[in-house]
Amino acid sequence: MVRGDGYTLDPDLRRKLNAVLTPGRGERKFDLDEIGDDGGAGEDGGGDLDQTASRVNISEYLSECAREEGGRKVKSLAGMSFEAQEVVVAEDLLDALLGSPGDFVTVRRDGGKDEKRDRSKGSFVFELARKCEAAEPICELSNQILTFSSDYVEILSFVQDCESLEAGFVLQSLSSAVRELIREYETLILQLEETLHEGRLSLQRMFYVLRPMMKSLKSLALISRILVGKKGLRAFLVLEREWKAGEERRQILSYLLSRSAICIFDFINTWMMKGQIDDPGHEFFLDEKSDLKKEALNRDLNSSYWEQRYRIKPEVVPSFLQGHVDKILLAGKYVNVLRECKVHLEVKNMQAEVFTESFQFGSPESEYKLAKYVTSAFEFASTSLVNYIVRDLDLFGRLQSIKRYFLLDQGDFLSHFLEISREELSKPASKTLTVKLSSLLELAIRTSSSKDSSYKDDLTCSLHSTTVVDQLLRIVNMTGQPHETGRNKNKEFYAFEAFSVDYQVSWPLNLIISRKAITKYQLLFRHLFHCKYVESTLCSSWTTQQTLKGIDSKSIFANSFVLFGRMLNFVQSYLYYMQVEVIEPASQSLRSRMSREDMSIDNMMFLHDDFLGTCVKDCILTNAKILQIITNLLSVCMLFANYSDRFTNSAMEEAYAWKGDPDARETVTMDPIADLQGIAWDNRFHETVAKFKKNFDAHLAQLLEVLGAFAQGEVEPHLSSLCSRLDSSGYYAASVSREEVDWRM
């Protein structure tokens, strides 16, 4: 051991020693001033502490010493006076107190013979060699003093194990705190050595000076033992449990926990300020799944990127962070998004601003500062990301664009599109070219009020492999309920049933407008488009039938006109309910709630998803029974419109003849009304219209009955307005009884 000649104790170390390494009540506190620190201030005094036995691997060194004890000869002290023996033994004891056995002090393993560095195999025991034949009082007092050596060596061995790179940040911080405490013990030993050289130190005084530290050293030794095999925050949690267990070691544990928390705050600060996880040893409470990529948000309907890319490990969250860990996670995620978008943030290290003093574990003041720091960092990150997405990326402009195209707000482009693409949409889906529909859609948009939209180029169209009704029913009936779509599974469907639009969204807007959200928008669009197409077809058929107004044909087509009116009323009322009474109020509410100052991206994601869920639910797309009835009604409308077109065209061809100029039309017979009546009779027109009317009335009456049942309950009270609109005159409620629907027409 290199002597620390002239070492002067630093005043800060003295205060810490008296504050932390203090015996319990009833014991005398040791004052270092009794030893004296006026031996002269050497320039290298402080550095000598790092030159002691703690500089080498203490466990390996003592294991080697223990193996050599059997063959070592020990000098006898029998011929010396008591005073001389005391001086010689005292010098050896001072070496042993710093982990180095001397001429008269031996060391052995207690509890195991394993020579590896495993402190769980046993501890080292220091004893005064019996062969030295020292006086009995010296032997007894020396062995009492040497108990300090065993505790010190165990503590030092723990510190050295924790200083390796493999130990991790938490144990390294903890070992630094423990080393500071034992350095104060080492300082005291060096002072005792100085006092011995001055001839003013006896064994009795040495024990008297060391005794106040006995309890603290044993506590540190016990802590070292219970942390064997623990790593990262699991070691910190062990100390927390010990701290809560009782008052016996709480003061030392508070100090160790406070010092160990420094690396936790470094980790938190790096995460919350830079959005990066600096955890090579996987020891902290946040985990990163690097295999989850943000690109999945645009293609995976059930992407868990935002929820699972960064997640909390609840089993290792320290108790003092339990109320803040969610904000810590979100703040780092927000900053990470901005960092990936290469957004420059004026970030200052708020940790230095908040923790101007050392963190005191268990202190209400420190907990208040921590809460203030986390809240401040969270609000800064949240506000920065919201401003970037709302202002720089024009979130509300994007949502308005999606509302225009998917929810048919300002849908004049759709009217034009239906007009110019009717021929393509009426073809079987398998024989329709998506490229042609895409060109027609682009033409319709560029000749409508949407021509100046900044995001019209992000809209594309596609043809799905299933109808919207089958898709919705499959989603609704995921619980296993059987359902019938009224369609032969092998029968081919038409392009208007498969048509849909898609929307391209880039990062980070796809956090809010995700693939899952786009899919819900597509379900709403396809259902609205289906209804719009049926409405357009009914209007077109009715208009075609109006060409026969040139002759007095009211008596022939009266029932047909009435049925057209009822069908159009049903489709238009249903569309009005969905667009005006459901989608528009929900959209206004979404915009209002998203504009609040305290809004975060996670809240925006929730509100947007809630908006879509409300629209899908209130548009009756989640009720399989009602959806099936509406589907049947739309099918009846389409069948009747197609039948009316065929009959009208056929009747016109038979009732009129074209001569010479195609624009000149002359009748073949003297009585066109009689001809039309004859054609209608031959084609059983009146019977067919009556059958359509009966089926339509039966389905509509069934729909009103089911809607009424749901509207009267607390589940779907909003459906009462739809019931009133569909049966404003009370005709169906009063006079229509449901009959068996005959599809063989």
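The values are calculated or read from the model by the stated rules, or taken from the named source; none is laboratory data. Quick caveat, the model's predicted, so the values are computed rather than measured. As a convention, Cβ positions derive from the backbone with ideal geometry for all residues, glycine included, and neighbour counts pool all protein chains shown. When the accessible area is computed, the model is the full protein with side chains, heavy atoms only, and any ligands, DNA or RNA have been set aside. Shrake-Rupley method; radii C 1.70, N 1.55, O 1.52, S 1.80 Å.
Below is a table of values for the structure above.
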{"read-out": "Simple spin-label estimate for PHE207 and VAL87 in nanometres, 7 Å along Cα-Cβ", "value": "2.2"}
{"read-out": "Förster radius 60 Å - calculated FRET efficiency between GLN144 and GLU307 (Cβ-Cβ, nearest 0.05)", "value": "0.50"}
{"read-out": "Carbon and sulfur %, accessible surface of region 283-410 computed with the full protein complex present, 1.4 Å", "value": "46"}
{"read-out": "In region 299-350, trypsin sites (Lys or Arg not before Pro) in a DSSP loop with at most 16 other beta-carbon atoms within 10 Å", "value": "ARG299, LYS342, LYS348"}
{"read-out": "Residue list for region 250-279, given a label point 7 angstrom along the Cα-to-Cβ vector of THR383 and an amide N cut-off under 17 Å", "value": "273"}
{"read-out": "Selection of GluC sites (Glu not before Pro), region 357-389, meeting DSSP coil and at most 16 other Cβ within 10 Å", "value": "GLU357"}
{"read-out": "Theoretical FRET efficiency, 1/(1+(r/R0)^6), r = Cβ-Cβ of GLU367 and GLU581, R0 41 Å, to 0.05", "value": "0.20"}
{"read-out": "Heavy-atom accessible area per residue - region 364-457, 1.4 Å, Å²", "value": "49"}
{"read-out": "For region 530-630, with +1 on Lys and Arg beta carbons and -1 on Asp and Glu, the positive-most of LEU621, SER540, GLN588 along the dipole", "value": "SER540"}
{"read-out": "Globularity index of region 96-237, i.e. its alpha-carbon radius of gyration over 2.2 N^0.38 Å", "value": "1.13"}
{"read-out": "Cα-projected label distance for THR434 with HIS282, points at 7 Å along beta-carbon direction, nm", "value": "4.1"}
{"read-out": "Net length gained if the chain between GLN504 and GLN360 were fully extended (0.36 nm per residue, minus Cα distance)", "value": "46.7 nm"}
{"read-out": "Rough spin-label spacing in nm, given labels placed 7 Å along Cα→Cβ, for ASP326 and GLU687", "value": "6.9"}
{"read-out": "For q = 0.10, 0.15 Å⁻¹, Debye-computed log10 I/I(0) when each Cα of region 246-378 counts as one equal scatterer", "value": "-0.37, -0.77"}
{"read-out": "Gain in span if fully extended, SER454 to ASP392, counting 0.36 nm per residue against the direct Cα distance", "value": "20.9 nm"}
{"read-out": "Under 17 Å from the GLU492 label point (7 Å along Cα→beta-carbon), backbone N, region 411-429", "value": "423-429"}
{"read-out": "Region 161-271 - accessible surface per residue (Å², probe 1.4 Å)", "value": "38"}
{"read-out": "Cleavage-rule hits (GluC sites (Glu not before Pro)) in region 199-264: DSSP loop, at most 11 neighbouring Cβ within 10 angstrom", "value": "GLU247"}
